[in-house]
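Engineer: Can you keep this structure in mind? I'll have questions shortly.
The values are calculated or read from the model by the stated rules, or taken from the named source; none is laboratory data. Bear in mind the structure is a predicted one, so any value in this text is a computation, not a measurement. Cβ atoms come from the backbone with ideal geometry, glycine included; neighbour counts cover every protein chain shown.
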Amino acid sequence: MKDRSIFIRIPSFIACLLLAWLPIAIPIYALVRDSNLASILGTLVLYLEFLGLAWWWNRRFYGERRVFQRYGLIGGRRNGLEFGLGWGVGLLSLAILLSLETVFGWVAWRVSELPVYRLLFEAVLVGSAVGFAEEFLFRGWLWDELRRDLSVSMATVANAVLFALLHFLKPFPEVIRTFPQFLGLLVLGLALVGAKCRTEERLGFSIGLHGGLVGGYYIANVGQLIAYTGTVPDWVTGIDNNPLAGVLGVGLLGSIAWAIFSRKFEF
């Protein structure tokens with residue numbers, strides 16, 4: 001299998017994953033009446049099976065013994081510090097964006113009805129979970145598979161495009177309406193690949209940056225801290241109240257990507 005093209009390896013991996021998942025997923029969705037709970041359980045089972053299959057796949061076909069380390073999950077103080085730095089960059093970047101929109105009069109701030117400690121705890125939990133899950137998938141497993149066949153530049157573009165496309169599976173009218181969000185995802189994908197490459201293939205900074213952006217959005221959205229004034233169109237401030245899905249948000253993500261690729265961050 002290791003000598004096969006990525007156009008065979010990746011579909012084969014996905015087919016194996018689905019074959020292992022469906023016998024468990026079908027009873028879950030059939031028996032669990034709460035659709036949200038069924039979705040959570042189904043997704044959790046899918047991801048756990050993905051982790052197990054990725055481990056087995058690498059050992060069986062590539063002869064790897066330290067599979068997760070190869071993907072960038074390396075223990076140690078340095079990776080932990082990079083994780084914290086990534087969180088800080090993500091939160092600070094979103095804070096700067098919302099501050100600019102406040103100065104321009106595009107955003108009004110409100111007091112959250114949720115307890116601060118609960119909001120912060122949930123934001124850290126959700127941000128870290130999403131950051132880990134998506135970075136291990138895209139900048140871990142997928143990046144490793146792409147790099148076995150492609151140059152760094154080609155793998156970077158392919159990784160970012162697939163990251164954006166797989167987050168953008170929706171009806172065509174919605175694709176048109178929310179197109180700035182696709183651009184934001186594409187630029188974010190480039191930034192996250194750059195973050196991994198800049199840190200000697202460790203995932204700490206990528207997970208932290210992704211988690212910080214998600215956590216910051218969670219605080220603003222779930223905490224209902226901001227309200228858009230409607231002074232400018234949504235495509236400027238963010239489609240569906242997502243500050244990263246507008247022109248300013250894409251510009252912010254582009255600035256982060258530029259800083260990473262131009263080595264403005266020192267690790």
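Here's the yes/no breakdown for (1) of a type in the set (Gly, Ala, Ser); (2) modelled with pLDDT under 95; (3) under 18 Å from the mean Cα position of the chain (by Cα); (4) part of a helix (DSSP H, G or I):
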| position | (1), (2), (3), (4) |
| --- | --- |
| LEU190 | no, no, yes, yes |
| ARG202 | no, no, yes, no |
| HIS210 | no, no, yes, yes |
| GLY215 | yes, no, yes, yes |
| GLY230 | yes, yes, no, no |
| LEU248 | no, yes, no, yes |
| ALA259 | yes, yes, no, yes |
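Engineer: Name the residues in the range 64-121 that are within 17 Å of GLY249 (Cα to Cα) and either touching an Asp or Glu at 6+ places or on another chain (Cβ under 6 Å) or β-branched (Val, Ile, Thr) (or both), would you?
Structural biologist: Selection gives VAL89, ILE96, THR102, VAL103, VAL107.
Engineer: Can you pull out every residue in the range 208-242 that is surrounded by fewer than 23 Cβ atoms within 10 Å (Cβ to Cβ), polar (S, T, N, Q) and within 16 Å of PHE104 (Cβ to Cβ)?
Structural biologist: THR229, THR231
Engineer: Turning to a different aspect of this structure: Quick check: anything in the range 162-173 in contact (Cβ under 8 Å) with a residue 24 or more places away in the chain, among the aliphatic types (A, V, I, L, M) and in the same structural domain as PHE132 (by TED's automatic domain parsing)?
Structural biologist: yes
Engineer: Now for a different question. Would you mind finding the one in LEU252, LEU188 that is over 20 Å from ALA158 (Cα atoms) and of a type in the set (A, V, I, L, M)?
Structural biologist: LEU252
Engineer: For ARG139, indicate whether it is in contact (Cβ under 8 Å) with a residue 12 or more places away in the chain, within 27 Å of LEU19 (Cβ to Cβ), of a type in the set (Lys, Arg) and surrounded by 15 or more Cβ atoms within 10 Å (Cβ to Cβ).
Structural biologist: When the stated conditions are applied, ARG139 passes them.
Engineer: Sticking with this one: Inspect all residues belonging to the range 175-185 and state whether any of them is assigned to a helix (DSSP H, G or I), polar (S, T, N, Q) and surrounded by 22 or more Cβ atoms within 10 Å (Cβ to Cβ).
Structural biologist: Looking through the range 175-185, at least one residue is assigned to a helix (DSSP H, G or I), polar (S, T, N, Q) and surrounded by 22 or more Cβ atoms within 10 Å (Cβ to Cβ).
Engineer: Can I ask one more? Considering only the range 1-119, give the helices (runs of 4 or more DSSP H) lying wholly within it that have at least 2 residues that are of a type outside the set (A, V, I, L, M) and under 24 Å from LEU213 (Cβ atoms).
Structural biologist: Here the list reads 35-57, 67-71, 77-103.
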